[in-house]
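Colleague: Have a look at this one before I ask anything.
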Amino acid sequence: MRGSGLNPVWSKLCGRRKRGTALTNQTATFSRRQRSPRCQLLKLNMVISEDEPMLRRLLRDVKLTNRLDPLLGFVRARLRHLRQVIMNLR
């Protein structure tokens, strides 16, 4: 990892690994019927940006446009629940 940043491909791969880990943990939590983690402060723009590539793959025939508000602050929510709401909007 020389230079000022990571290789874009490596960075993308690491992001996908983290997302896969999170999805695996969510599935395991659901299957064991454990309580989901408590509410936390989440930056809504970041959650939407992280989920956008997956939404684009799911909505192949639909043009997806988002307009993130840079002034949008934080929300207190459970990440899993917030992602479920976003998925239900499709």
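Colleague: Name the pairs: first residue in region 38-52 and farther than 20 Å from L23 by Cβ, second residue assigned to a loop (DSSP other than H, G, I, E, B) and of a type in the set (D, E), Cβ to Cβ under 9 Å, at least 6 apart or on different chains?
Modeller: Between residues of region 38-52 that are farther than 20 Å from L23 by Cβ and residues that are assigned to a loop (DSSP other than H, G, I, E, B) and of a type in the set (D, E), the close pairs are N45/D69.
Matching residues to (1) of a type outside the set (K, R); (2) at pLDDT below 90; (3) surrounded by fewer than 10 Cβ atoms within 10 Å (Cβ to Cβ); (4) part of a helix (DSSP H, G or I):
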{"residue": "M1", "(1), (2), (3), (4)": "yes, yes, yes, no"}
{"residue": "G5", "(1), (2), (3), (4)": "yes, yes, yes, no"}
{"residue": "S11", "(1), (2), (3), (4)": "yes, yes, no, yes"}
{"residue": "K18", "(1), (2), (3), (4)": "no, yes, no, yes"}
{"residue": "R35", "(1), (2), (3), (4)": "no, yes, yes, no"}
{"residue": "M54", "(1), (2), (3), (4)": "yes, yes, no, yes"}
{"residue": "T65", "(1), (2), (3), (4)": "yes, yes, yes, no"}
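The values are calculated or read from the model by the stated rules, or taken from the named source; none is laboratory data. These numbers come from a predicted model, not from an experiment. FYI the Cβ positions are ideal-geometry reconstructions off the backbone, even for glycines, and counts take in every protein chain you see.
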